[in-house]
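The values are calculated or read from the model by the stated rules, or taken from the named source; none is laboratory data. Note that this is a predicted model, so its numbers are computed, not measured. Heads up, the Cβs are rebuilt from the backbone with ideal geometry, glycines too, and the neighbour counts pull from every protein chain shown. Side chains are part of the model used for accessible areas, which takes the heavy atoms of the whole protein and leaves out ligands, DNA and RNA. Shrake-Rupley method; radii C 1.70, N 1.55, O 1.52, S 1.80 Å.
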Number of protein chains: 2
Amino acid sequence: MQPSSLNSGDFTLPGEAGYEQLTLRLAKKWGADTIRDSDGTQLSPEIVQSGYDIYSTVCLVRSVQPWARVNRNKLQQNFLMSYPVVAEKKTVTITPLAGYFTEQFVLNVEDDPKKWWQVFDRTTGTEVAKRAWDFNVRKGTVTVRDTIPGHSYTVNFLAFRIWEEISMYNHITNNWGDREHLAAVDPMHPETQRVILKFLDGWLADHPDTRVVRFTSMFYNFSWFWGANQATLRDVYSDWGDYAMTVSPRALTEFKKVYGYALTSEDFVNGGLYNSTHNAPSRRYRDYMAFIHDFVIAFGRQCIDRVHAAGKKAYVFYDDHWIGVEPNSARFAEFGFDGLIKCVFNAFEVRLCAHAQGVKTHELRLHPYLFPTGLKGEPTFKAGGNPTLDAKNFWIDARRGILRAPIDRIGLGGYLSLVEPFPDFQDYIEQLAREFRLLKSFHAAGKPYTAPFKVAVLTAWGDLRAWTCSGHFTASVELYHVIEALAGLPVDVSFISFDDLKESGVPRGVKVIINCGRDGSAWSGGHYWNDPEVVACLTNWAGKGGAVVGIGEPSAFATAGQFFRLAPVLGVDRDRGERIANGKYKYAAPAGRVAGIADHFITADLTSAPDLGRDVEGTYVLDGTTTVLAEREGTPRLTTHAFGRGRAVYLSGFKFTAENTRLLHRALFWAAAQEAAWPVWNTTNVRTECAWFAAEKKLVVINNAGEPQQTTVTLADGRTQKRVDLAAHDIAILDV
Amino acid sequence: MQPSSLNSGDFTLPGEAGYEQLTLRLAKKWGADTIRDSDGTQLSPEIVQSGYDIYSTVCLVRSVQPWARVNRNKLQQNFLMSYPVVAEKKTVTITPLAGYFTEQFVLNVEDDPKKWWQVFDRTTGTEVAKRAWDFNVRKGTVTVRDTIPGHSYTVNFLAFRIWEEISMYNHITNNWGDREHLAAVDPMHPETQRVILKFLDGWLADHPDTRVVRFTSMFYNFSWFWGANQATLRDVYSDWGDYAMTVSPRALTEFKKVYGYALTSEDFVNGGLYNSTHNAPSRRYRDYMAFIHDFVIAFGRQCIDRVHAAGKKAYVFYDDHWIGVEPNSARFAEFGFDGLIKCVFNAFEVRLCAHAQGVKTHELRLHPYLFPTGLKGEPTFKAGGNPTLDAKNFWIDARRGILRAPIDRIGLGGYLSLVEPFPDFQDYIEQLAREFRLLKSFHAAGKPYTAPFKVAVLTAWGDLRAWTCSGHFTASVELYHVIEALAGLPVDVSFISFDDLKESGVPRGVKVIINCGRDGSAWSGGHYWNDPEVVACLTNWAGKGGAVVGIGEPSAFATAGQFFRLAPVLGVDRDRGERIANGKYKYAAPAGRVAGIADHFITADLTSAPDLGRDVEGTYVLDGTTTVLAEREGTPRLTTHAFGRGRAVYLSGFKFTAENTRLLHRALFWAAAQEAAWPVWNTTNVRTECAWFAAEKKLVVINNAGEPQQTTVTLADGRTQKRVDLAAHDIAILDV
């Protein structure tokens, strides 16, 4: 099945008032079917009535500013932990807001501090009795009595947020001067819900030409706490998935009614770590997330129903105020959204967008945005910039994901006028859009080939944080590198949690489980590994033929004498300094074709020792049944191990590169004991990848590099080989 | 006071039968007053009766072989943990000794396994009920019933040691073939004590010419468990300070009588970690150590009394069977030893020997030993060797310690005949012995100058493991590097424990406390930091003017949001991966005279960025009150912080080099706020050090390098400077 035309459709263009001619010219050239507004741009009637579908953005929680200004107790709020103060005497006075950005936060003195706040002696780890401290509302300070000299004290307190974070960021970054500070209201209050719905009704009536309402997003932003001095510490805390900014006395009261127990400020503050998505979550916090998800669905549905009643579609932006939306959850469909829009830098974000069920349209916002400078301040659409090369490089990253999973639409954002002096960019986007439509047509005909076994990534979050971890790529988190590699591989990948394992065991068809991350992280699993049921489940599964690929500190949870709980399966464990007196098995030093690397199926495409990034130290092999394929300074970095009828591979770290992606791909095949199936529909050149769309009989080969590449693909018979030559960034479509 | 002669006395020479003329010639040349036998050498009557004092060595526990062979149940024993076995079904059979060296160990089946052994489910961490397992004495296996598939099981069991470790090591290393395997008997049994005392009486009668009985050492060796395959894993476990090899059912029974509670096998096995000196010890294990120390003193005293009754002196070797001797303990004097002999590679071992109270004579055994090859197999006293250069290099290390603390005697070990072809070695030892006697004479007149403040090293062991950690230098343990640096500095250093702190606070005069080591280690303190009293004590002391020098992971004990318990004092903490979402204070990048290093009193002698060894990652400064003097890849490595009236310095690691020793020395002065006192009696050249012996008005300047050095010393007036030129390895004595 081919699309009606490769030249048009499925493309969203940012229109710009004052550049009507350019807007309409590029809409035609790029085959746009939709024109959108952007932050800070307005569409002119000439564009709005040009026959294109119109997207319009709306952010409900910051849409009712006059009301917000006179209803400060309905602003959003959150718990903060004061900076610790060491007691010198028997009394300590703490200024809770000291160190925080007071244009973002004000103390919530409306809700009784004695009821909602907590004071902690952080030296003992215990709460200070309520009777032993007082809040001085005039001074904004807390005085703690009967303190122990030398102990550190903190206050967990509620603060209203008087400046909504996204507008605050844009305002300060762009020096918007005395432009109004927008605040976000909290829809947890019924009054706020009424005000928001009234606004929405008005807005819908005011936008007759709008075909798609793009919510940016629902009600609660990801967590972002700013410091007083932005030169030395702007982001005191920022986490893409933390529900910290949803809390309020009302929410806590409602929570207790539903769940039968009360949460405290410390459930949110957690000694200042808050509930970072990167750390293994507590059961109580998971309950709270479910509670907020319920609420966001319930009130969100009311908003979306109104959009539908107005004859428009409702799309949601997968960022900003996305907390509680959870497009990965099974309940996401309950919102009734028509589309989901994700801005992407990487392949894993493409997969994240494609992964959401319960929405018809999955749309990508591609980079570069049409701004004069890029995210790091480098020139883009201005002198010194090369936006065409930028677009190619972003595209080859995103394309890896688009090759594996269906995406419905693409689009751009920003100021269209900026592309006027860059005709080669205009031409390249035309070509890119055709390439996208072609790949979309292949997916529409049928799924591309995947390896003859399934892979699951095991984390504390499971599917809820599939294909994302916690927002954009973070280099220090190994799992980002791994999911970026997986996002472009012809492998069927799912994400499972420890709860899933306990409930249903390893899913059918899954032959390889990846566990990757640091001790205590949500990615490795942290305290979830302190569960014999989990350990036994995976150990038995491996013994019967399952495979584990462990990366970094897989299954880490320290007990005396053991750190990796799956050490018997992996054949390796890690010494964090407690085994100085315990000898280590002297393994055979790896030696082969590449210096210091043992020749093996897994290492067959390496041309040099792999750079696994900031990998962990102190790993050791348990005995001679573990084979070391690579080491660094006498420490194993890459090992293989047989356990019962299963296999295990250990990597001490992982960094996303073409060679490492191939290493991981081969490790999966070896772990699954599918070496024989390896050549089919794989390329010989690690800088290239391919996808076989059987229904269309099309072999797609992509060049992931900025230089020309030659590669060879083995066809389904396992013998016939196709030689392919690719220009830089290019794609080849072969009829096979 | 000068010694009667710098040419003779205080020197022990290893005599060798068959080389009587050489023995007597070198005894004269080197000024020996004593001739000793060595392992494997016998002294001939010509030497024994030459008028020199004679040392003879004896190892009581392996001295009664015929009796040991027929009283196998009186051999020494210990707990071992079997290698874990993963259950596949409802029953698991474990061969406890699998993987262990069966020439060292046999199962103890005499004492009821059901009573003394324990089986553990290591997946749950709980003991398996005694009724659920059985020992098959014929097969030497344990069968565990009702096992959970996927769980790991181990057996803690008692094994007799049928080959004493030191003789085993020598036997195997030197290929002694079918020479008898010596076993060590356990003096915990009254029958064994009677046999040993009877042997000792006979031995004393048989050695009329022996003036000094050198015990090698008392009864229990440091822990050393060998594996079955010595090519891949010889040292399954080895720890210089662990009491593992003292245990027996009798000892445990007696312990319970005295302490009122029973120890179990797991108190010794500890999940396979045993009680390594490097790890923070439990209270139960400390009780057991005290119990054994009591016993070794009590029975040891009986042996020493017999030596004295025979008109001889008793010396003890500070190694091998030294467990329970504890020369650093306050009770060491109760043995009644006349001398303590320590073999030294490093300055800290010199200080260890000097540190023992309750013994008159402190004697060093210097390196190189008179063997054909060195410890790593390199040639020494044979073709290709340069024993004179070796001797000089060992001497400059040891001399740093001898400069600071009084030592009474020195000596050599090995085969004297080997030095015959090396006349320059013979000459150098003559010179070295004179140098030693001169330094000894200075100490005899009065203590050398030390800094105007005291320093204490805080560890879980305190003074009990002062100047040693756990035996010889271990590069991966930062505190060895630190004590090797301190051992040669003009600073008054003590070692204190957390118990000391809680009992008496920081000792009078101590201005700087060093805490250095990895999380969980005895050196950092591990669980001892989970004590608010300790934290408050040091925090308050620092606030009032005390200073902390933290190295590596000082005061580490993880709680939510904090890792270093003294973070408020240090001004830094460490993120182990749990603070990805928490922003870090952006400190001013260090820049100064040396690239990447801030100019500061502490860094004034650096000529390049300091190499702090395998330092820790993830340290961050708390706020702007912390100054970063050096960083690596954006992570602070060397910081200073003021806290109240006190100061703190943090180093992310430490490696013993001349530059780093100077860095530490300066850090101590800065922390103590004694910068003004710095120049006095210090050298300008970091490869040189000096000592001022006020009573003798002698300034001693040493060259710690193998190349000539120039240096300048500032005298007491703080103005006058003495320029000194030193040949390689040389020493200069100035009358000031």
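Restricting to the stretch A:235-248, what's the tally of residues that are open to solvent by less than 10 Å² (accessible area, probe 1.4 Å) and among the acidic types (Asp, Glu)? Explain how you work it out, then say what you get.
Within the stretch A:235-248, the first condition is being open to solvent by less than 10 Å² (accessible area, probe 1.4 Å), and the residues that meet it are A:237, A:239, A:241-248.
Right, trim to among the acidic types (Asp, Glu) and you get A:239, A:242.
Within the stretch A:235-248, residues that are open to solvent by less than 10 Å² (accessible area, probe 1.4 Å) and among the acidic types (Asp, Glu) number 2.
Return only the number of the condition from (1) within 14 Å of chain A (Cβ to nearest Cβ); (2) closer than 26 Å to A:Gly526 by Cβ that B:Arg645 does not satisfy.
Condition not satisfied by B:Arg645: (2).
Tell me, yes or no, whether the stretch A:402-416 has at least one residue that is open to solvent by 10 Å² or more (accessible area, probe 1.4 Å), touching a Pro at 6+ places or on another chain (Cβ under 8 Å) and touching a residue at least 60 places away in the same chain (Cβ under 8 Å).
yes
For A:Gly577, only one of the following conditions fails: (1) open to solvent by less than 40 Å² (accessible area, probe 1.4 Å); (2) part of a loop (DSSP other than H, G, I, E, B); (3) more than 11 Å from chain B (Cβ to nearest Cβ); (4) of a type outside the set (D, E, K, R). What is its number?
Among (1) open to solvent by less than 40 Å² (accessible area, probe 1.4 Å); (2) part of a loop (DSSP other than H, G, I, E, B); (3) more than 11 Å from chain B (Cβ to nearest Cβ); (4) of a type outside the set (D, E, K, R), A:Gly577 violates only (3).
So if I check each of A:Phe345, A:Phe337, which one is open to solvent by 30 Å² or more (accessible area, probe 1.4 Å), of a type in the set (Phe, Trp, Tyr) and at negative phi? Walk me through how you get there before you give the answer.
Values: A:Phe337 fails: open to solvent by 30 Å² or more (accessible area, probe 1.4 Å).
Residue meeting the stated conditions: A:Phe345.
Looking only at the stretch B:555-569, which residues are at the interface with another protein chain (Cβ under 10 Å from one of its Cβ atoms), closer than 15 Å to B:Gly618 by Cβ and either in contact with a Phe, Trp or Tyr (Cβ under 7 Å, 6 or more places away or on another chain) or open to solvent by 10 Å² or more (accessible area, probe 1.4 Å) (or both)?
B:Ala558, B:Gly561, B:Gln562
Residues that are over 27 Å from A:Gly561 (Cα atoms) and either of a type in the set (A, V, I, L, M, F, W, C) or in contact with an Asp or Glu (Cβ under 9 Å, 6 or more places away or on another chain) (or both): does the stretch B:131-154 have at least one? Working first, answer last.
Pass one, the stretch B:131-154, residues over 27 Å from A:Gly561 (Cα atoms): B:137-139.
Narrowing further to those that are either of a type in the set (A, V, I, L, M, F, W, C) or in contact with an Asp or Glu (Cβ under 9 Å, 6 or more places away or on another chain) (or both): B:137.
Yes, because at least one residue in the stretch B:131-154 is over 27 Å from A:Gly561 (Cα atoms) and either of a type in the set (A, V, I, L, M, F, W, C) or in contact with an Asp or Glu (Cβ under 9 Å, 6 or more places away or on another chain) (or both).
Any residue that is without any contact (Cβ under 8 Å) to a residue 12 or more places away in the chain, surrounded by fewer than 21 Cβ atoms within 10 Å (Cβ to Cβ) and either touching a Cys at 6+ places or on another chain (Cβ under 7 Å) or over 22 Å from B:Gly471 (Cα atoms) (or both) - is there at least one of those in the stretch B:308-328? Give the derivation first.
Here is the first cut: in the stretch B:308-328, the residues without any contact (Cβ under 8 Å) to a residue 12 or more places away in the chain are B:309, B:311.
Add one more test, that the residue is surrounded by fewer than 21 Cβ atoms within 10 Å (Cβ to Cβ), and what stays is B:309, B:311.
Going one step further and asking which of them are either touching a Cys at 6+ places or on another chain (Cβ under 7 Å) or over 22 Å from B:Gly471 (Cα atoms) (or both), we end up with B:309, B:311.
Yes: one or more hits.
I need a count of the residues in the stretch B:462-505 that are within 14 Å of another protein chain (Cβ to nearest Cβ), in contact with a His (Cβ under 9 Å, 6 or more places away or on another chain) and among the hydrophobic types (A, V, I, L, M, F, W, C).
Within the stretch B:462-505, residues that are within 14 Å of another protein chain (Cβ to nearest Cβ), in contact with a His (Cβ under 9 Å, 6 or more places away or on another chain) and among the hydrophobic types (A, V, I, L, M, F, W, C) number 4.
Do we have B:Gly150 as crowded, with 23+ Cβ neighbours inside 10 Å and within 14 Å of chain A (Cβ to nearest Cβ) here? Lay out the reasoning, then the answer.
Values: crowded, with 23+ Cβ neighbours inside 10 Å: yes; within 14 Å of chain A (Cβ to nearest Cβ): yes.
For B:Gly150, the condition - crowded, with 23+ Cβ neighbours inside 10 Å and within 14 Å of chain A (Cβ to nearest Cβ) - is met.
Give the number of residues within the stretch B:633-685 that are among the aliphatic types (A, V, I, L, M), under 13 Å from B:Ile602 (Cα atoms) and either assigned to a strand (DSSP E or B) or open to solvent by 10 Å² or more (accessible area, probe 1.4 Å) (or both). So that I can check it myself, show each step before the final result.
Start the filter on the stretch B:633-685 by keeping residues that are among the aliphatic types (A, V, I, L, M), which leaves B:638, B:642, B:648-649, B:651, B:658, B:663-664, B:667-668, B:671-673, B:676-677, B:680.
Restricting the remaining residues to those that are under 13 Å from B:Ile602 (Cα atoms) gives B:638, B:648-649, B:651, B:663-664, B:667-668, B:671-673, B:676.
Still in the running and either assigned to a strand (DSSP E or B) or open to solvent by 10 Å² or more (accessible area, probe 1.4 Å) (or both): B:638, B:648-649, B:651, B:673, B:676.
Matching residues across the stretch B:633-685 total 6.
Condition first: in a loop (DSSP other than H, G, I, E, B), facing another protein chain (nearest Cβ under 7 Å) and open to solvent by less than 40 Å² (accessible area, probe 1.4 Å). Now tell me which residues in the stretch A:580-596 satisfy that.
Our first condition is that a residue be in a loop (DSSP other than H, G, I, E, B); within the stretch A:580-596, this holds for A:580-581, A:583-596.
Narrowing the set further to residues that are facing another protein chain (nearest Cβ under 7 Å) leaves A:580-581, A:583, A:585-586.
A:Ala581, A:Gly583, listed by residue number.
Let me confirm something: among A:Gly509, A:Gly517, A:Gly543, A:Gly552, which residue is within 14 Å of chain B (Cβ to nearest Cβ), open to solvent by 10 Å² or more (accessible area, probe 1.4 Å) and in contact with a strand residue (DSSP E or B) (Cβ under 7 Å, 6 or more places away or on another chain)?
Working: A:Gly509 fails: within 14 Å of chain B (Cβ to nearest Cβ); A:Gly517 fails: open to solvent by 10 Å² or more (accessible area, probe 1.4 Å); A:Gly552 fails: open to solvent by 10 Å² or more (accessible area, probe 1.4 Å).
Every option except A:Gly543 fails the conditions.
Scan the stretch A:312-319 and tell me whether some residue there is within 14 Å of another protein chain (Cβ to nearest Cβ) and closer than 26 Å to A:Asp235 by Cα.
Within the stretch A:312-319, the subset within 14 Å of another protein chain (Cβ to nearest Cβ) is none.
Scanning the stretch A:312-319 turns up no residue that is within 14 Å of another protein chain (Cβ to nearest Cβ) and closer than 26 Å to A:Asp235 by Cα.
Inspect the stretch A:33-45 for any residue being modelled with pLDDT of 90 or more and surrounded by fewer than 20 Cβ atoms within 10 Å (Cβ to Cβ) and give the result as yes or no. Give the derivation first.
Step one: list which residues in the stretch A:33-45 are modelled with pLDDT of 90 or more, which gives A:33-36.
Cutting the leftovers down to surrounded by fewer than 20 Cβ atoms within 10 Å (Cβ to Cβ) gives us A:33.
Yes: one or more hits.
Does the stretch A:102-131 hold any residues that are under 23 Å from B:Asp573 (Cα atoms) and within 14 Å of chain B (Cβ to nearest Cβ), and which are they?
Within the stretch A:102-131, A:Phe120, A:Asp121, A:Arg122, A:Thr123, A:Thr124, A:Gly125, A:Thr126, A:Glu127 qualify.
For the stretch B:249-268: of the residues being touching a Leu at 6+ places or on another chain (Cβ under 8 Å) and away from every other protein chain (no Cβ under 14 Å), which is surrounded by the most Cβ atoms within 10 Å (Cβ to Cβ)?
Of the residues in the stretch B:249-268, the ones touching a Leu at 6+ places or on another chain (Cβ under 8 Å) are B:249, B:252, B:255-256, B:262-263, B:265.
Pick out the ones that are also away from every other protein chain (no Cβ under 14 Å) and you get B:249, B:252, B:255-256, B:262-263.
Numbers: B:Pro249: 16, B:Leu252: 23, B:Phe255: 21, B:Lys256: 13, B:Ala262: 11, B:Leu263: 18.
The extreme case among them is B:Leu252.
For A:Cys469, which of the numbered conditions (1) assigned to a loop (DSSP other than H, G, I, E, B); (2) surrounded by 23 or more Cβ atoms within 10 Å (Cβ to Cβ); (3) in contact with a strand residue (DSSP E or B) (Cβ under 6 Å, 6 or more places away or on another chain) fails to hold?
(3)
Is it the case that the stretch A:688-700 has a residue that's touching a Ser or Thr at 6+ places or on another chain (Cβ under 8 Å), closer than 19 Å to A:Val493 by Cα and of a type in the set (Asp, Glu)?
yes
I need the strands (runs of 3 or more DSSP E) fully contained in the stretch A:48-113, keeping only those with at least 3 residues that are within 25 Å of A:Met168 (Cβ to Cβ).
On the way: elements: A:53-58, A:77-81, A:91-94, A:105-107.
Filter on the stretch A:48-113 gives A:53-58, A:77-81, A:105-107.
Quick test of your reading of the structure: B:Tyr237 fulfils all but one of (1) farther than 16 Å from B:Ala159 by Cα; (2) under 24 Å from the mean Cα position of the chain (by Cα); (3) within 14 Å of chain A (Cβ to nearest Cβ). Name the failing condition by number.
Of everything listed in (1) farther than 16 Å from B:Ala159 by Cα; (2) under 24 Å from the mean Cα position of the chain (by Cα); (3) within 14 Å of chain A (Cβ to nearest Cβ), B:Tyr237 misses just condition (1).
Given the structure, is B:Gly613 in contact (Cβ under 8 Å) with a residue 12 or more places away in the chain, within 14 Å of another protein chain (Cβ to nearest Cβ) and surrounded by fewer than 20 Cβ atoms within 10 Å (Cβ to Cβ)? Working first, answer last.
Details: in contact (Cβ under 8 Å) with a residue 12 or more places away in the chain: yes; within 14 Å of another protein chain (Cβ to nearest Cβ): yes; surrounded by fewer than 20 Cβ atoms within 10 Å (Cβ to Cβ): yes.
Spelling it out, B:Gly613 is indeed in contact (Cβ under 8 Å) with a residue 12 or more places away in the chain, within 14 Å of another protein chain (Cβ to nearest Cβ) and surrounded by fewer than 20 Cβ atoms within 10 Å (Cβ to Cβ).
Could you list, in sequence order, all residues of the stretch B:210-262 that are assigned to a loop (DSSP other than H, G, I, E, B), in contact with a Lys or Arg (Cβ under 9 Å, 6 or more places away or on another chain) and charged (D, E, K, R)?
Matches in the stretch B:210-262: B:Arg211, B:Arg234.
Look at the stretch A:578-591 and say how many of its residues are among the small types (Gly, Ala, Ser) and touching a His at 6+ places or on another chain (Cβ under 8 Å).
Kept after step one, since they are among the small types (Gly, Ala, Ser), are these residues of the stretch A:578-591: A:581, A:583, A:588-589, A:591.
Restricting the remaining residues to those that are touching a His at 6+ places or on another chain (Cβ under 8 Å) gives A:581.
Residues in the stretch A:578-591 being among the small types (Gly, Ala, Ser) and touching a His at 6+ places or on another chain (Cβ under 8 Å): 1 in total.
So how many residues does the stretch A:269-284 have that are open to solvent by 10 Å² or more (accessible area, probe 1.4 Å) and away from chain B (no Cβ under 12 Å)?
2
Just to be sure, is A:Thr192 in contact with a Phe, Trp or Tyr (Cβ under 6 Å, 6 or more places away or on another chain), touching a residue at least 24 places away in the same chain (Cβ under 8 Å) and crowded, with 20+ Cβ neighbours inside 10 Å? Full working, then the answer.
Values: in contact with a Phe, Trp or Tyr (Cβ under 6 Å, 6 or more places away or on another chain): no; touching a residue at least 24 places away in the same chain (Cβ under 8 Å): yes; crowded, with 20+ Cβ neighbours inside 10 Å: yes.
For A:Thr192, the condition - in contact with a Phe, Trp or Tyr (Cβ under 6 Å, 6 or more places away or on another chain), touching a residue at least 24 places away in the same chain (Cβ under 8 Å) and crowded, with 20+ Cβ neighbours inside 10 Å - is not met.
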